[in-house]
Each structure stands twice: as structure tokens, then as C-alpha cells.
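All remarks here apply to the structure that follows.
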Amino acid sequence: MPHTRVATLVAHVDERLSRLDLPASPPQLYEPVRYILSGGGKRLRPVLLLLTAEALGAQPEEAMPAALAVEVFHNFTLVHDDIMDKAAQRRGRATVHRVWDESTAILVGDAMMGLSYDLLSQATGGDLGAMLRVYNGMVARLCEGQALDMAFEQTDDVSVGDYLRMIEGKTAALLECCFEIGAVVAGADAETRALLVRAGRELGRAFQIQDDLLDLTAKSPGWGKTIGGDLIEGKKAYLLLCALERTSDDLVNRGEANPEDAAFFRRILSEGGLPQEHVVEAARRMERIGVLAHAQRTVAKHTTDGREALEAALPPSESASLLLGLVEQMGRRSV
């Protein structure tokens with residue numbers, strides 16, 4: 001169960017999003033914006049920003065506009081991601097491009113990007129110029145990460161290292177931004193900001209690898225996605241790339257990897273995906289060659305490294321303790 005204080009922050013973010021002063025016209029633009037912002041979610045990113053700012057001495061209201069900005073921006077990326085992924089549902093509801101159409105969804109995303117900048121400009125604490133530099137850097141890195149992810153679809157020559165560099169943009173950049181902007185709002189020094197950037201990078205890696213792991217191993221009905229969906233789609237995510245590295249030609253030739261495993265995982269690439277009825281077999285093979293255990297250890301390591309960076313950056317306080325508790329929950333999440 002979430003801590004009462006965290007639940008209060010989430011409720012406050014939801015309430016402020018519902019009160020955004022959005023125009024009524026044209027309804028074809030602003031009704032979809034209201035739709036996506038009312039779709040719920042964990043509100044993890046704004047809560048991380050708010051707790052970071054509080055832990056460093058800022059008042060919640062000083063950080064709230066920036067927290068709303070990152071949440072609006074995050075939801076904008078989901079609208080466009082859903083178009084690129086041809087996703088039919090998001091958080092149990094039809095995606096924007098399914099309820100309306102793709103052209104509308106593209107325009108809605110653009111409007112939300114602008115709205116996020118407007119919200120950021122309303123922050124009353126910290127140096128707005130510094131916040132904008134952090135924010136602009138995040139936007140560029142996230143787009144770069146998405147571009148790399150798309151490029152991976154066109155080549156089989158993708159390493160685990162390539163994948164980690166991609167998620168440092170696509171996943172970690174926004175977490176880094178939340179921590180660092182929280183620090184900027186509070187007027188923190190450069191050393192503190194650097195530690196928080198490191199925390200965001202480590203936790204971004206942990207979050208994405210855990211997501212990839214849950215894609216194959218989730219047991220909770222709250223997961224809400226097809227088990228093994230990444231493999232079914234032939235996506236070059238962390239587990240498959242690790243399996244390919246552990247069954248490389250060199251290892252097979254040295255007798256250190258099973259050629260049947262090697263052939264099985266290579267077929268996923270060559271055939272553009274895995275039949276759903278073979279997902280259980282893929283999980284069994286990955287478990288046998290140590291991929292699942294390795295992924296779990298990797299999540300734990302990045303979570304620990306992120307926590308240590310946070311502990312070094314933040315003085316002891318209730319807000320810091322709550323933030324560290326959230327980090328632990330991120331590393332252990334099952335949905």
C-alpha cells in the first residue's frame with residue numbers, strides 16, 4: 001500500500017491536472033487532452049520531483065507547476081508512443097488515436113508538449129533558465145532514445161550495451177529530469193544535482209529492465225499486458241538480447257552454449273517474432289541459461305546504485321525517506 005503522504009501527493013497531482021485551465025474550443029483538440037490526463041496512472045514522476053524538492057528544502061507549491069509539467073509531458077509521449085506502437089489500449093481504456101484518429105492524436109500530443117512548457121514556466125522556485133536547460137536536454141535525449149529504438153527494428157546487430165544506451169534516453173532521461181528539476185527548484189548546488197542525475201540514470205535502467213522482465217514473468221492480473229509480448233513482437237528488448245549474447249556463435253563453438261538454444265533465439269529475430277504458444281518454452285530456456293536471474297541481479301544492482309546516489313544527495317528527512325521507499329518499490333514492483 002502506498003504511504004499516506006505519497007497517496008496525498010498523487011491525489012493532489014490528479015486534482016491539479018483536473019483543474020488545468022484548458023480552453024473549451026476547439027473540442028476536437030481539448031477533449032482528447034482532458035481524456036488522456038484523466039486516465040489515471042501512478043503519477044510516479046511528479047511525486048519523485050515533489051519529494052526531491054521537499055527533501056532539499058523547497059515548499060510543495062513551489063515545485064507543483066514543474067511536477068505537473070513532467071506529468072503532462074510524460075502523457076504526451078504516451079499518446080505518440082501508442083500511435084507508433086499501434087496500441088489499442090492504455091491503462092484499460094482505448095488509446096487517443098482509437099477514440100479519435102491518428103491525426104488528432106498527433107495534434108493532441110503537440111498541444112500537450114506546449115502545455116508542459118507553459119506549466120514549467122509557472123514554477124515559482126529556482127532558476128527558470130536552469131530548469132529549461134534541464135528540460136530541453138531531456139526532450140532531446142528522449143527523442144534520441146526513441147529514434148534508436150526505432151532503428152533497432154531495422155537491424156539484427158544490436159548489443160546489450162546498445163540497448164542500455166537507448167534506455168538511458170528513452171526511459172532514464174525523464175527520471176533524471178524529475179530529480180534534477182526538483183533540485184533546481186530548491187536551489188541545490190552542482191554536486192547535489194550531479195548525484196541526482198546519476199540516481200535517475202541508474203533507476204531508469206532498473207525500471208526498464210524490470211519492465212522487460214515482467215513482460216515475460218508477471219503473474220499479477222494488474223500487469224494488463226500479454227505475457228511475452230516483447231518476444232511475440234520480436235522486440236529487441238533486454239531479455240532477448242541477453243539470451244542472444246549467452247548463445248553466441250563463439251560460445252556455441254567452444255561448447256559453452258547449447259546450439260538448440262542458439263537456434264531458438266535466432267529464429268525469433270529471423271521470423272520477426274515468436275508464436276504465442278512458444279512463450280513458455282522461451283521462458284524455460286531463458287531461465288536455464290541464467291538470463292532471468294541475471295536480469296533480476298541487474299535490476300537490484302541499478303536500484304542499489306540509484307538509492308546510494310539519492311542517500312548521498314539528500315539530507316535525512318521524512319521526504320527523503322519516502323523517496324527512498326519509492327525507489328525500493330520501483331525495484332520490486334510486480335505490475
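The values are calculated or read from the model by the stated rules, or taken from the named source; none is laboratory data. On a predicted model such as this, the values are computed, not experimentally measured, just so you know. When we count neighbours, we look across all protein chains shown, and the Cβ atoms used for this are built from the backbone with ideal geometry, even at glycine. Just so you know, the surface numbers come from the protein's heavy atoms only, side chains and all, with ligands and any DNA or RNA stripped out. Shrake-Rupley method; radii C 1.70, N 1.55, O 1.52, S 1.80 Å.
For residues in region 315-327 being in contact (Cβ under 8 Å) with a residue 24 or more places away in the chain and open to solvent by less than 60 Å² (accessible area, probe 1.4 Å), which is nearest to A63 (Cα to Cα)? Show your work before the answer.
So the first thing to find is which residues in region 315-327 are in contact (Cβ under 8 Å) with a residue 24 or more places away in the chain, and the list is 315, 317-320, 322-323, 325-327.
Now drop any that are not open to solvent by less than 60 Å² (accessible area, probe 1.4 Å), which leaves 317, 319-320, 322-323, 325-327.
Values: S317: 17, S319: 14, A320: 15, L322: 17, L323: 15, G325: 20, L326: 18, V327: 20 Å.
Here the answer is S319.
Between L326, L292, which is in a helix (DSSP H, G or I) and closer than 20 Å to L49 by Cα? Reasoning before the result, please.
Values: L292 fails: closer than 20 Å to L49 by Cα.
On inspection, the qualifying residue turns out to be L326.
For the condition touching a residue at least 60 places away in the same chain (Cβ under 8 Å) and surrounded by fewer than 19 Cβ atoms within 10 Å (Cβ to Cβ), what is the one hit in R288, R266, R333?
Unique residue meeting the criteria: R333.
For region 120-154, which residues satisfy the criterion of being touching a Leu at 6+ places or on another chain (Cβ under 7 Å) and more than 22 Å from V197 (Cβ to Cβ)?
Scanning region 120-154 gives a single hit, S121.
What tally of residues in region 295-314 results from selecting those that are assigned to a helix (DSSP H, G or I) and either at positive phi or surrounded by 18 or more Cβ atoms within 10 Å (Cβ to Cβ) (or both)?
Of all residues in region 295-314, those assigned to a helix (DSSP H, G or I) come to 295-313.
In the following step, the residues that additionally are either at positive phi or surrounded by 18 or more Cβ atoms within 10 Å (Cβ to Cβ) (or both) were identified as 295, 298-299, 302-303, 306-307, 309-310, 313.
Residues flagged as assigned to a helix (DSSP H, G or I) and either at positive phi or surrounded by 18 or more Cβ atoms within 10 Å (Cβ to Cβ) (or both) within region 295-314 amount to 10.
Does G187 fit the bill of being part of a loop (DSSP other than H, G, I, E, B) and open to solvent by 50 Å² or more (accessible area, probe 1.4 Å)? Before you say what the answer is, go through the steps one by one.
Working: part of a loop (DSSP other than H, G, I, E, B): yes; open to solvent by 50 Å² or more (accessible area, probe 1.4 Å): yes.
The answer is yes for G187.
Give me the pairs, please: first residue somewhere in region 70-96 and farther than 25 Å from G137 by Cα, second residue anywhere and open to solvent by 60 Å² or more (accessible area, probe 1.4 Å), beta-carbon distance under 7 Å, and either six or more positions apart or on two chains.
What qualifies is A88/R98; G92/G224; T95/Q89.
Determine, yes or no, whether R141 is under 30 Å from T298 (Cβ atoms) and either more than 20 Å from the chain's Cα centre (by Cα) or not aliphatic (A, V, I, L, M) (or both). Steps first, please.
Working: under 30 Å from T298 (Cβ atoms): yes; either more than 20 Å from the chain's Cα centre (by Cα) or not aliphatic (A, V, I, L, M) (or both): yes.
Considered against the rule, which asks whether it is under 30 Å from T298 (Cβ atoms) and either more than 20 Å from the chain's Cα centre (by Cα) or not aliphatic (A, V, I, L, M) (or both), R141 comes out as yes.
Output the qualifying pairs, or none if there are none: Cβ atoms under 7 angstrom, residues six or more apart or on different chains, first residue in region 169-182 and closer than 13 Å to G145 by Cβ and modelled with pLDDT under 95, second residue of a type in the set (D, E) and open to solvent by 10 Å² or more (accessible area, probe 1.4 Å).
G169/E144; K170/D149
Looking at the structure I just gave you, is L68 of a type in the set (A, V, I, L, M) and within 17 Å of the chain's Cα centre (by Cα)? Reasoning before the result, please.
Working: of a type in the set (A, V, I, L, M): yes; within 17 Å of the chain's Cα centre (by Cα): yes.
For L68, the condition - of a type in the set (A, V, I, L, M) and within 17 Å of the chain's Cα centre (by Cα) - is met.
Just one of (1) small (G, A, S); (2) within 20 Å of the chain's Cα centre (by Cα); (3) under 20 Å from C178 (Cβ atoms); (4) open to solvent by 30 Å² or more (accessible area, probe 1.4 Å) trips up S38, so point out which.
Answer for S38: the failing condition is (3).
Restricting attention to region 97-110, and to residues there that are touching a residue at least 40 places away in the same chain (Cβ under 8 Å) and among the β-branched types (V, I, T), which single residue is farthest from G40 (Cα to Cα)?
Restricting attention to region 97-110, the residues satisfying the condition of being touching a residue at least 40 places away in the same chain (Cβ under 8 Å) are 99-100, 104-105, 107-108.
Now drop any that are not among the β-branched types (V, I, T), which leaves 99, 104, 108.
Working: V99: 17, T104: 21, V108: 17 Å.
Only one residue tops the list, namely T104.
Which of the residues belonging to region 224-262 are part of a helix (DSSP H, G or I), open to solvent by 60 Å² or more (accessible area, probe 1.4 Å) and touching a Leu at 6+ places or on another chain (Cβ under 9 Å)? Full working, then the answer.
Keep residues of region 224-262 that are part of a helix (DSSP H, G or I), which gives 229-232, 238-246, 249-253, 259-262.
Filter once more, keeping what is open to solvent by 60 Å² or more (accessible area, probe 1.4 Å): 245-246, 249-250, 253, 259-260.
The one that is part of a helix (DSSP H, G or I), open to solvent by 60 Å² or more (accessible area, probe 1.4 Å) and touching a Leu at 6+ places or on another chain (Cβ under 9 Å): E245.
Scan the helices (runs of 4 or more DSSP H) fully inside region 66-168 and keep the ones with 2 or more residues being small (G, A, S) and either in contact with a strand residue (DSSP E or B) (Cβ under 7 Å, 6 or more places away or on another chain) or open to solvent by 40 Å² or more (accessible area, probe 1.4 Å) (or both).
Values: elements: 96-99, 102-120, 128-152.
Here the list reads 102-120, 128-152.
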